[in-house]
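Remarks on the structure that follows.
The values are calculated or read from the model by the stated rules, or taken from the named source; none is laboratory data. The model shown is predicted, which means the values in this text are computed figures rather than measured ones. Cβ sites come from the backbone with ideal geometry, for glycine too, and all protein chains shown count toward neighbours. Side chains are part of the model used for accessible areas, which takes the heavy atoms of the whole protein and leaves out ligands, DNA and RNA. Shrake-Rupley method; radii C 1.70, N 1.55, O 1.52, S 1.80 Å.
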Amino acid sequence: MRLWLPQVGRGLAPLNSLPNCVYLLAIVLCSTPSLYSAESASATPAPVDFASQIQPLLARHCYACHGPDQQEGGLRFDDSRTVVAQADSGQVAIVPSKPAESELLRRVQASDESGERMPPEGKPLSPHSIELLTRWIERGAEFTEHWAFRPPQAPPIPQTVNANWPQQPLDQFTLAKLEQAGLSPNSAAASEELIRRVYLDVTGLPPAPEIVQQLSTDWSEATYVALVDRLLASPALGERWGRVWLDVVRYAETNSFERDGAKPNAWKYRDYVIDAMNSDLPYNQFVREQIAGDELDEVTPASLTATGYYRLGLWDDEPADPLQAIYDGYDDLVTTTSQGILGLTLNCARCHDHKIDPLQQKDYYAMVAFMRDVTPYAARGDTLTNNQLDLDADLGRRYSELKSQTDEVENKLRKIEREGIEKMSAVDQRATEGDQRAQVLREKLSQYLDADTFDKYSKLKLERDHLREQQQRLPPRETVLGLAKLDPTPSPTHVMLRGSPHAEGELVEPSFPRLLGGGKPNIAAPAPDARSSGRRRHLADWLAADDNWLTSRVIANRIWLHYFGRGIVRSANNFGLMGDPPTHPELLDYLATELVRDRWQLKKLHRSILLSSTYRMSVQDNPRAAAQDPANNLFWRQNIRRLSAEQIRDSVLAVTGQLNQQLYGPSMFVSLSDEVLASQSQPGLGWGNSPPDQQARRSIYIHVKRSLPVPMMTAFDFPETDISCEARFLTTQPGQALTMLNSQWMQQQAASLLERVEREVGHDLERQALRCLELSTSRTPASDDVAELIGLVHRLKSEQQLSDAQARVAMCLVALNINSFFYLD
């Protein structure tokens with residue numbers, strides 16, 4: 001085994017895997033920052049593409065003063081007509097094919113002292129950006145449509161000089177770019193590295209070292225293909241990839257704000273997502289069920305559960321402005337839907353037309369109009385009616401009828417009881433205000449009622465008991481978090497002036513953004529007995545249509561992101577003008593069109609990526625490639641990737657032998673310290689205490705309470721749950737090392753690891769050290785590494801006066817804190 005210290009811009013420098021303990025802990029969580037450069041790593045000047053290179057540049061640096069919202073000097077850089085015409089100054093910003101006469105180039109190269117430099121504030125344009133603008137103008141300054149606003153066309157598969165390297169068509173796209181740049185792809189990773197990589201990428205769990213050894217002994221293409229197919233069929237896939245979607249839809253199980261009350265049955269939505277991933281539910285159907293699962297031709301328990309999508313956001317039970325709170329709820333839905341599914345920041349058009357993308361305020365409120373039948377999450381004093389949906393509507397109605405009848409009888413009983421209590425002594429009256437009420441009423445109420453009234457009271461009690469018996473005889477009632485109550489005839493939707501719901505503007509109807517083809521669906525008026533408006537079905541069908549070119553691109557990019565550490569488009573929630581341009585636009589279109597051709601089956605996309613040579617490359621440094629393409633924009637190697645918070649915790653449990661792989665079911669509560677619980681306004685409120693075997697379940701089953709994040713998870717960049725998360729930060733900070741070394745949970749896991757190795761190899765120190773490293777790295781360690789662990793035990797005993805057992809627990813803790821455990825290579 002070898003550890004690698006990532007060095008920015010220089011690839012990887014080999015280190016001894018287990019140096020002295022202090023040095024080890026200093027490097028244990030080092031990571032490679034994700035570098036990004038918009039520059040093409042081409043050996044010769046490549047054609048300049050307006051949509052992917054020039055337009056984003058202009059949007060970032062020029063649109064604020066010369067764009068859709070403001071046109072200083074009569075100049076508008078999003079309009080090809082004004083940039084080639086005389087501005088108010090008498091100058092022409094761009095003279096096609098004549099950079100020397102283009103005022104734009106003179107201004108962006110002007111000095112600060114001249115007062116003419118553009119942009120006037122912030123950093124000046126980089127030399128590379130100026131060079132791009134110059135080349136673009138030299139070649140005629142042609143304006144083309146933004147890449148993401150054009151429908152994808154199935155691109156031709158590029159021809160490559162190296163015909164042996166590609167394993168999948170997608171390889172030819174990456175290889176063609178590398179060959180154009182004069183670079184070669186890295187060789188394939190060693191079998192041990194690749195086996196661990198594919199296990200953790202697909203299932204989120206590390207392979208047992210015995211599996212790695214067995215597969216490596218008989219390593220071949222057929223062996224790898226069989227491994228990929230087996231992992232794609234594993235139920236652990238849903239737990240790994242379901243979490244990816246939960247990030248996108250800001251999944252949490254509580255409402256936030258001061259009380260942060262629970263969302264009952266939110267875990268059933270989580271289980272729906274896991275099952276959808278495992279069953280390979282077509283992605284377009286996955287989208288339809290979440291947007292309109294209650295309005296589909298075939299409504300199922302799963303599709304009703306999917307509507308929990310609408311109930312995952314924040315909810316304030318006492319807003320200062322109730323109407324504003326309602327529209328904030330709609331904004332949350334528009335934001336999550338537009339960014340998560342379409343990769344568009346439509347929410348930026350809530351108060352005014354989008355300042356960058358060609359999205360109007362009317363587009364925003366037209367999207368709101370589709371969702372206007374969605375009621376608020378709850379109402380103060382009634383936190384269930386709107387969001388707890390019966391899977392069996394008839395059974396739910398029967399329960400509701402019996403409850404209504406029982407409540408009516410209870411009200412009559414309480415009225416008679418009040419008549420009698422008013423006649424009782426002061427002592428007895430006070431007793432009925434506490435836990436002695438039932439006893440006092442049973443023994444004394446008849447003394448203060450006339451015979452007819454008491455007879456009526458007795459009959460009402462029998463009626464109440466009978467109603468309760470009827471309810472008990474009913475089948476169990478199953479409810480899910482979802483759209484339980486809707487408004488089938490919602491109020492008209494208006495553009496809100498400056499985003500204020502108190503200032504209504506133009507009336508808008510449900511319609512699709514003109515950016516994506518526009519059009520108004522033909523929505524029939526709801527029937528008199530309809531429970532919904534029927535509008536969301538039209539929205540769902542449009543989002544999931546084969547010809548909706550953003551939906552397929554966005555999900556294909558998300559899948560790629562989690563296999564390579566970054567998307568083909570790095571800004572996975574923003575494909576607009578301010579987003580990052582794709583490094584491989586043709587590859588993205590290929591993946592998107594193939595996904596649709598394969599009937600939106602995500603596992604086929606997974607398989608295509610996993611079997612590619614691009615995915616299988618090693619992470620090794622190549623000085624020439626690193627110098628030319630330090631950010632690995634061209635994918636000349638696989639990126640080094642740190643494990644996610646869930647992968648780290650789940651891997652610890654797997655290595656120590658404590659992991660409970662129970663699928664599905666209610667969330668569990670991990671143990672939290674009193675100090676953490678005290679961070680709430682009411683310490684510990686809403687946090688349970690699950691038994692140890694439940695706490696050992698996978699991390700996706702941890703209860704997600706917005707006001708009480710789990711420190712182990714947040715230390716390793718668990719996302720905020722208030723908004724959609726496109727990609728997690730991968731930070732390196734002291735809290736991670738402190739968590740992994742000093743937390744009570746990690747101390748317990750280290751002790752469990754020692755118990756495991758004692759069971760498996762006995763008490764021999766050398767065999768224990770060997771086994772610890774085998775389990776934590778999934779491979780056979782080098783003898784020097786084993787010797788270093790043994791030496792650590794001896795040093796801790798002699799220098800720190802630790803007992804033999806304590807020193808061996810510390811050895812196990814170190815084995816769980818080495819770079820090879822945290823990183824995929």
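For region 342-377, the set of residues classified as in a loop (DSSP other than H, G, I, E, B), farther than 20 Å from His146 by Cα and of a type in the set (Ser, Thr, Tyr) consists of Thr375, Tyr377, listed by residue number. May I ask you to verify whether Lys412 is assigned to a helix (DSSP H, G or I), open to solvent by 80 Å² or more (accessible area, probe 1.4 Å) and in contact with a Leu (Cβ under 6 Å, 6 or more places away or on another chain)? Yes, satisfied. Contact map, region 110-138: first residue assigned to a helix (DSSP H, G or I), second residue among the charged types (D, E, K, R) and at pLDDT 85 or above, Cβ cut-off under 9 Å, separation 6 or more or different chains; pairs are Trp136/Glu142; Ile137/Lys98; Glu138/Lys98.
Scanning region 544-556 for residues that are surrounded by fewer than 24 Cβ atoms within 10 Å (Cβ to Cβ) and part of a helix (DSSP H, G or I) turns up Trp549, Leu550.
The set of residues from region 626-675 being of a type in the set (Gly, Ala, Ser), within 21 Å of Val569 (Cα to Cα) and either open to solvent by less than 10 Å² (accessible area, probe 1.4 Å) or in a helix (DSSP H, G or I) (or both) comprises just one member, Ala626. Look at (1) among the polar types (S, T, N, Q); (2) part of a helix (DSSP H, G or I); (3) out of contact with any Pro (no Cβ under 7 Å at 6 or more places or on another chain) and you find that Ser256 fails only one, number (2). Contact annotation: residue pairs with Cβ atoms under 6 Å, 6 or more positions apart or on different chains, pairing a residue in region 261-283 that is farther than 13 Å from Leu481 by Cβ with a partner that is part of a loop (DSSP other than H, G, I, E, B) and of a type outside the set (S, T, N, Q), are Asn278/Pro235; Pro282/Arg599; Pro282/Trp600; Tyr283/Trp600.
Do the conditions hold for Leu384, that is, is it part of a loop (DSSP other than H, G, I, E, B), open to solvent by 80 Å² or more (accessible area, probe 1.4 Å) and over 30 Å from Gln447 (Cα atoms)?
Yes.
Restricting attention to region 592-617, the residues being part of a loop (DSSP other than H, G, I, E, B) and more than 23 Å from Ser191 (Cα to Cα) number 4. For region 291-317, residues that are in contact with a Gly (Cβ under 8 Å, 6 or more places away or on another chain) and either open to solvent by less than 30 Å² (accessible area, probe 1.4 Å) or among the charged types (D, E, K, R) (or both) total 13. Restricting Ala176, Ala154, Ala148, Ala100 to those that are over 28 Å from Pro630 (Cα atoms) and assigned to a helix (DSSP H, G or I) reduces the list to Ala100.
Scanning region 690-702 for residues that are open to solvent by 20 Å² or more (accessible area, probe 1.4 Å) and either closer than 22 Å to Tyr269 by Cα or touching a Lys or Arg at 6+ places or on another chain (Cβ under 9 Å) (or both) yields a count of 2. Among residues of region 747-775 that are hydroxyl-bearing (Ser, Thr, Tyr), those with a Cβ under 9 angstrom from a residue that is assigned to a helix (DSSP H, G or I), sequence gap 6+ or separate chain, pair up as Ser752/Leu653; Ser752/Thr656; Ser752/Cys812. Restricting attention to region 333-373 and to residues that are open to solvent by 10 Å² or more (accessible area, probe 1.4 Å) and β-branched (Val, Ile, Thr), the residue that is nearest to Ala592 (Cα to Cα) turns out to be Thr345.
Among the listed residues Phe575, Phe512, identify the single one that is among the aromatic types (Phe, Trp, Tyr), part of a loop (DSSP other than H, G, I, E, B), at pLDDT 95 or above and within 30 Å of Val48 (Cβ to Cβ).
Phe575
One residue stands out among those in region 681-734 that are of a type in the set (Phe, Trp, Tyr) and outside any helix (DSSP H, G or I): the one that is farthest from Leu561 (Cα to Cα), which is Trp687.
Count of region 42-69 residues, restricted to those that are in a loop (DSSP other than H, G, I, E, B) and modelled with pLDDT of 80 or more, is 3. The condition of being over 29 Å from Lys485 (Cβ atoms) and of a type outside the set (Lys, Arg) holds for only one of Ala393, Ala426, that being Ala426.
Within region 196-227, if we keep just the residues that are surrounded by 18 or more Cβ atoms within 10 Å (Cβ to Cβ) and aliphatic (A, V, I, L, M), the residue that is farthest from the chain's Cα centre (by Cα) turns out to be Leu215. Say we look at region 75-99 and pick out the residues that are of a type in the set (Gly, Ala, Ser) and closer than 20 Å to Leu57 by Cα; which of these is nearest to the chain's Cα centre (by Cα)? So the residue we want is Ser80. For region 512-527, state whether one or more residues are of a type outside the set (A, V, I, L, M), open to solvent by less than 40 Å² (accessible area, probe 1.4 Å), in contact (Cβ under 8 Å) with a residue 24 or more places away in the chain and more than 23 Å from Asp392 (Cβ to Cβ). Checking region 512-527: at least one residue is of a type outside the set (A, V, I, L, M), open to solvent by less than 40 Å² (accessible area, probe 1.4 Å), in contact (Cβ under 8 Å) with a residue 24 or more places away in the chain and more than 23 Å from Asp392 (Cβ to Cβ).
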